[in-house]
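Notes follow once the structure below has been shown.
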Amino acid sequence: MIIPLPKPDAQTQPFWDACQEGRLICQRCTECHVVQFTPRARCMRCHSERLSWEASARQGTVMSFTRVHRAPNPAFKQKTPYVIAMLDMDEGFRLMTNASVAVQDSIGVGERVSVGFEQVEGMMLPIVQELT
Ligand SMILES: [Zn+2]
């Protein structure tokens, strides 16, 4: 069974295009300067449509994580156990990613991490690459 992948839409296509190039980006409102994720058509604070894309340095802190032992569907069964982490990125947005096999046994809340990319079914997905 094939792993279900993100489905880019008009708002998220630039984000996924950047991932394909090994870049992590987020939106910043040019009116009130808030950073937001996931990408949207309008600023979630001031509703402006004037949003720009900004590169992330791919550094963040683990806000929370969970270790999955029971696959939610058959496609994920071969990956168990795996770790899903919520990261507070240094630019001010929150990102949910998987953790690489290399760090999944040592990851912890408050750990500093760097985000890389993992190719899944031809799509580059953000992943916790290493503890820093
Ligand atoms: Zn705004």
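Picking from Thr38, Thr61, Thr97, which is most flexible by a Gaussian network model of the chain using Cα springs under 10 Å? Judging by the Gaussian network model, the answer is Thr38. Taking amide hydrogens as placed 1.01 Å from N in the peptide plane, the amide H of Leu51 sits under 5 Å from those of Thr30, each at least 5 positions away in sequence or on another chain. Accessible surface of the chain, 1.4 Å probe: 50 percent of it comes from carbon and sulfur atoms. Surface exposure of the stretch 13-131, expressed per residue as accessible area with a 1.4 Å probe, stands at 55 Å². Among residues other than Gln59 with Cβ under 11 Å from its Cβ, the summed charge is -2 (Lys and Arg +1, Asp and Glu -1). A simple spin-label model places the labels of Glu118 and Thr12 1.7 nm from each other, with each point 7 Å out along Cα-to-Cβ. Once backbone amide H atoms are built at 1.01 Å from N, Met96 has Leu87 as its partners under 5 Å, excluding neighbours fewer than 5 places away on the same chain.
Remark on Val68: its backbone amide H falls under 5 Å from those of Tyr82, Val83, Ile84, a criterion applied only to residues 5 or more positions apart or on other chains, H modelled at 1.01 Å from N.
The values are calculated or read from the model by the stated rules, or taken from the named source; none is laboratory data. Just so it is clear, the structure is predicted and the values come from calculations on it, not from any experiment. All Cβ positions, glycine included, derive from the backbone under ideal geometry; neighbour counts span all protein chains shown. Note: accessible area is taken over every heavy atom of the protein model, side chains too, but ligands, DNA and RNA are not part of it. Shrake-Rupley method; radii C 1.70, N 1.55, O 1.52, S 1.80 Å.
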